[in-house]
Amino acid sequence: MTSPHTHASPSTSRVMQWVVAATLPGLVALISFFGWGYLINVLWCVLVAVVTEAAILRLRKRPVGFFLRDWSAVVTALLLGLALPPFAPWWVSLIAVVSAIVVAKHLYGGLGSNTFNPAMVGYAVVLISFPVAMTTNWATPLELLDSPPGFIATLGHIFGFAGTVPDAFTGATPLDIYKNEIRAELATTLREQPVFGDFVALGWEWVNLAFLGGGLFLIWKRIITWHIPLSFLASLALMSLLFGHDPDQAVPVQMHLLAGATMLCAFFIATDPVSAATSNRGKLWYGAGIGVLLYIIRAWGAYPDAVAFAVLLMNFTVPFIDYYTQPRTYGHSKPKRGLPS
Amino acid sequence: MREVFDFPGGIHPPENKRRSLGEPIRQIPLPEQLIVPLHQHIGEPAEAHVKDGQHVLKGQVLASSGEALSVPVHAPTSGTVRAIAPHAVPHPSGLKDWCVIIEPDGKDQWQELAPCADPDTLTARDLLRRIRNAGIAGLGGAGFPTGFKLQASEKQKIQTLILNGAECEPYITADQSLMQERPGEIVSGLELIARILDPEECLIGIEDNKPEAIAALQEAVKDTRIEVVVVPTKYPSGGEKQLIRLLTGKEVPHNGIPADIGVTCQNVGTAAAVYRAIVHGEPLISRITTLAGGALTREGNVEALIGTPIRHLLAEAGYAPQRAARLIMGGPMMGFNLPSKDVPLVKTSNCIIAGTEKEFPPPPPAQACIRCGMCEQVCPMELLPQQLYWFSRSREYDKAEQFNLFDCIECGACAYVCPSSIPLVQYYQHTKGDIRRQREEQEKSDRARIRFEQRQARLEREKEEKEARRRARAEAAERKRREQEKAQQDANGAVPAPAASGPDLETLTERCDKAREKVESFRQRLSEAREQTPEAVPKLERALEKNEQRLKAAEEALAEAQENQNQAQGETQ
Ligand code: SF4
Ligand code: SF4
């Protein structure tokens, strides 16, 4: 036992629990605008994650209870549940979660040693493998449905015992629709479609604001720092203003910021500390990189949303960023740069 | 008001200071035995001058050293030396070290002291000598010999002399009680130190959680040029580097010392000890220490003799062993666990904590580092503790150094906030130790390699020189032969040169060269031996002498032969 002899502040489990708590407003918003699919997804993902984690820990001969209690598997699963399309069939989420836990986390040596954001690895795996399921299973806002599906019906659709999901319930995301249809139409005409609602995209703006709120709470609790969210959102907005300032040609900036998984990414995914850059300055670069990549893939790529790819690509650059963004240490006239010589 | 700067990071652990400030400083009665370690400071240990069974007086020198970086050790009371032997000492390693064990005679009889009522009459040199002879070593915790530090600072111009009264560690109030009760001693001590260093400004840095001490000092510095500077409470503001930044905005350069930027820093307790040493002539034989923790019924500050067993101090403070879970010397942030209660109080012991299980619960098992960066946000040295941890764990020592591991002051702020309860400081200490060892080995093998290369180069050079000389000789001989032939032809039937008696010139030159080479090589070997194998020196010296004589003889023979020849040639012509 050495110094220090006292210890304060929350434990890692507590940190993870706060992260879970901070996603709740967003989850509630998702459920209230888009139905039970999100809740079912989240619970299903968590269940799969905990079982998978326990199995792997047993295989690796690690104390199961001790490591399960770090809650990290729960957070990974939760993020996947929030990010996957709500009507995605159960096996899609299962594959996503298992890849996240087994491949992205444990094959890299377990919590803390993973290079890539586990949730996003899981997401990318299913996005590449099942592009159709991942594009068409987004929920139509409940407001627009005459008879929204109830909990049991949704459960039935996801687990396939109630037949396929009726077409009315599902569709593409507003981001996807805008991007594809703006080529043929003017912004004003396009915006008349009910999915865009009165502000940005029906329901999505509130969902994003709810995640924003949860994220600010985490910053206030000092569980995350402001660097990644701010540089990420700023660079995304900047890219959008630079390359897509005309709403008749491209997705407008407010939609980039408030539709899709933007705020979830800004405060909960990109900030995953394990796979993010280390120093404060490094985090600024890292966040900015995600913003730029996210815009590029959203604007010019074929995928409806690009959070997963943007984050994973920046994960690659982390070691490099870390070597070049060391803070200047006390007593040194300038920071050290690059690899040890 | 003076501008107070800030340092990045830092933490606010619960202070727990009030509990030991209830009573004024108490005196601890004489223990049955005093255990005085010979090595209580940074630097060379002192050597014992007393013998078993010898009677000593209070203040008598027990041990000293001729080294500059060392301080003497004095008898804390009068009594009989019972042993000079290894004994458990307060050190994190738990190792034993040499101690003088004294049985007090109860008379507490001082040896004759040399007080100085008017220190203004003393020169800076006298002041320094008195400080050194009084055995003063930094009372703040590190124990750096004060005289040495002041002397080193004297060489560089000191602008700012700082007294460190921040005392930022939780629980510890030894300096605070001293500042409250004896501010005059501190201020006088500071003025004496200022006489030595002649700084432009004298500051006392103190955290704003000690209003009584601030008031007392402010009262005491009236009519002096000393300024009491109040800094915000934040751990580790009492770290030397942090306090310097707080008060001056300057930073001690990497690998440098405060004097490099014209600053020197002393602890308030050290200043008081300087005052007592110079004005009263008393060596450092006692100190104020805080006894705190839930396992004590009478927490507080005590003045105790150096060498008092911790067991004795604890008994005086109402120690309840059944409640004690941990015994710490120093503060809860940077202190270390005491292996036993038999270790003595030393010059650097500012606090002893007997904590209960509730105060110091055993640390939860470490979880994985999630790179949350909380450690980074609190590091006062602006390091990346999580990177240092990862590199320490994976033994990538070059990377750890690249990330400035050696600038870590081991303050423990990072480990304090780490949500995964990773013992970060332990990792850093371990890695630093490993790197130091590696460096030493590297240095050793480098030295050996350089020696080998030098030797190799020397042999090479000698060979070449020899070759060159041989060639030169051959040419000279050739030339001479031709000249002689020519002369003979010129002389046309003149008397042939007399055959040289004894060895001819060439052999003589060769002998001479050989002897010279030998002398050279012996000289070289001798100088090498002086550095590495002193036992071989006399033998080599003798050999060298003999060879020098031989060389001289050879040279004489050669000169003679040359003369003969010249004469012969002269005659021939
Ligand atoms: S505080 Fe602990 S868990 Fe967090 S980054 Fe630092 S070492 Fe890792
Ligand atoms: S122990 Fe070292 S790394 Fe940790 S906070 Fe203190 S200086 Fe920084």
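Please treat every number below as a calculation from the coordinates, not as lab data. All of these numbers come straight from a predicted model, not from anything done at the bench. We place every Cβ from the backbone using ideal geometry, glycine too, and count neighbours over all the protein chains shown.
Remarks
- Our estimate of slack between residue B:97 and residue B:440, defined as 0.36 nm per intervening residue step minus the Cα-Cα distance, is 121.1 nm.
- Candidates per trypsin sites (Lys or Arg not before Pro) in the stretch B:353-460, loop by DSSP, up to 16 other Cβ within 10 Å: B:358, B:395
- Relative to the longest principal axis of the Cα atoms of chain B, the long axis of helix B:505-532 makes an angle of roughly 10 degrees.
- Of every Cα-Cα pair in chain A, the percent that sits beyond 29 Å: 39 percent
- Taking every DSSP beta bridge that has both ends in the protein assembly as shown, the antiparallel portion is near 60%.
- A cut-off of 5 Å between modelled amide H atoms, ignoring neighbours fewer than 5 places along the same chain, links residue B:162 with B:203, B:264, B:265, B:266.
- Applying the Karplus relation 6.51 cos²θ - 1.76 cosθ + 1.60 with θ = phi - 60° to the stretch A:73-86 yields 3J(HN,Hα) values of 5, 5, 5, 4, 5, 4, 4, 5, x, 6, 9, 6, x, x Hz, where x marks Gly and Pro.
- Amide proton proximity set for residue B:286, modelled H, under 5 Å, gap of 5+: B:306
- Taking B:78, A:113 and counting other C-beta atoms within 10 Å, the order from fewest to most: A:113, B:78
- Cα centroid separation, the stretch A:37-55 to the stretch B:87-137 (Å): 69 Å
- C-alpha long axis of helix B:146-155 to longest principal axis of chain B, angle in °: 60 degrees
- Per-residue ellipticity at 222 nm computed for the protein assembly as shown from its helices equals -15000 deg cm²/dmol, with DSSP H segments shorter than 4 residues left out and the rest contributing -39,500 (n - 2.57).
- Relative contact order (percent, whole number), the stretch A:12-172, Cα cutoff 8 Å, 6+ residue spacing: 26 percent
- The label point for residue B:545 and the one for residue A:62, both projected 7 Å from the Cα toward the Cβ, are 7.5 nm apart.
- Exposure proxy ranking, count of Cβ atoms within 10 Å, fewest first, for B:446, A:146: A:146, B:446
- Overall, the protein assembly as shown carries a charge dipole of about 1660 debye about its Cα centre when +1 sits on the Cβ of Lys and Arg and -1 on the Cβ of Asp and Glu, all other atoms neutral.
- When each of B:399/B:444; A:105/A:221; A:334/B:250 is checked by Cα-Cα distance, pairs over 19 Å: B:399/B:444; A:105/A:221
- Phi angles across the stretch A:58-72 convert, under the Karplus curve 6.51 cos²θ - 1.76 cosθ + 1.60 with θ = phi - 60°, into 3J(HN,Hα) values of 5, 4, 7, 6, 10, x, 5, x, 4, 7, 4, 6, 6, 6, 5 Hz, Gly and Pro given as x.
- Electrostatic tally near residue B:50: other residues with Cβ closer than 14 Å to its Cβ, Lys and Arg +1, Asp and Glu -1, net 0.
- Low-density loop cleavage sites - trypsin sites (Lys or Arg not before Pro) in the stretch A:44-119, where at most 10 other Cβ are within 10 Å (DSSP): A:61
- Taking all Cα-Cα distances within the protein assembly as shown, those exceeding 44 Å account for 53%.
- 16 Å cut-off, amide nitrogen to a point 7 angstrom out along residue B:117 Cα→Cβ, residues in the stretch B:280-296: B:280-281
- Dipole of the stretch A:173-324 [Lys/Arg +1, Asp/Glu -1 at C-beta], most positive-end residue of A:321, A:247, A:291: A:321
- Taking other Cβ atoms within 10 Å as a rough exposure proxy, B:121, A:136 sort from fewest to most as B:121, A:136.
- Antiparallel bridge percentage (DSSP; both residues within chain B; nearest 5): 60 percent
- On Cα atoms only, tilt of A:204-220 relative to the major axis of chain A in degrees: 20 degrees
- Two-site label geometry, residue A:237 and residue B:325: point separation in nm, points 7 Å out along Cα→Cβ: 4.9 nm
- A DSSP coil position with no more than 12 other Cβ atoms inside 10 Å describes the following trypsin sites (Lys or Arg not before Pro) in the stretch B:223-307: B:225.
- Estimated at 0.36 nm per residue, the fully extended path between residue B:430 and residue B:142 surpasses their Cα-Cα distance by 101.8 nm.
- Rounded to whole Hz, the Karplus (6.51, -1.76, 1.60) HN-Hα couplings of the stretch B:123-138, x for glycine and proline: 7, 4, 4, 4, 4, 4, 4, 5, 5, 5, 5, 7, x, 7, 9, x
- Measuring gaps between exposed loop sites in chain A (GluC sites (Glu not before Pro); DSSP loop; at most 14 other Cβ atoms within 10 Å), the longest gap, sites not included, is A:1-184.
- Mean-position separation - Cα centroids, the stretch B:290-306 and the stretch B:142-193, in angstrom: 22 Å
- Approximate spin-label separation residue A:43-residue A:192, in nm, with each point projected 7 Å along Cα-to-Cβ: 4.2 nm
- Cβ-derived FRET efficiency at R0 51 Å, residue A:113 paired with residue A:249, nearest 0.05: 0.70
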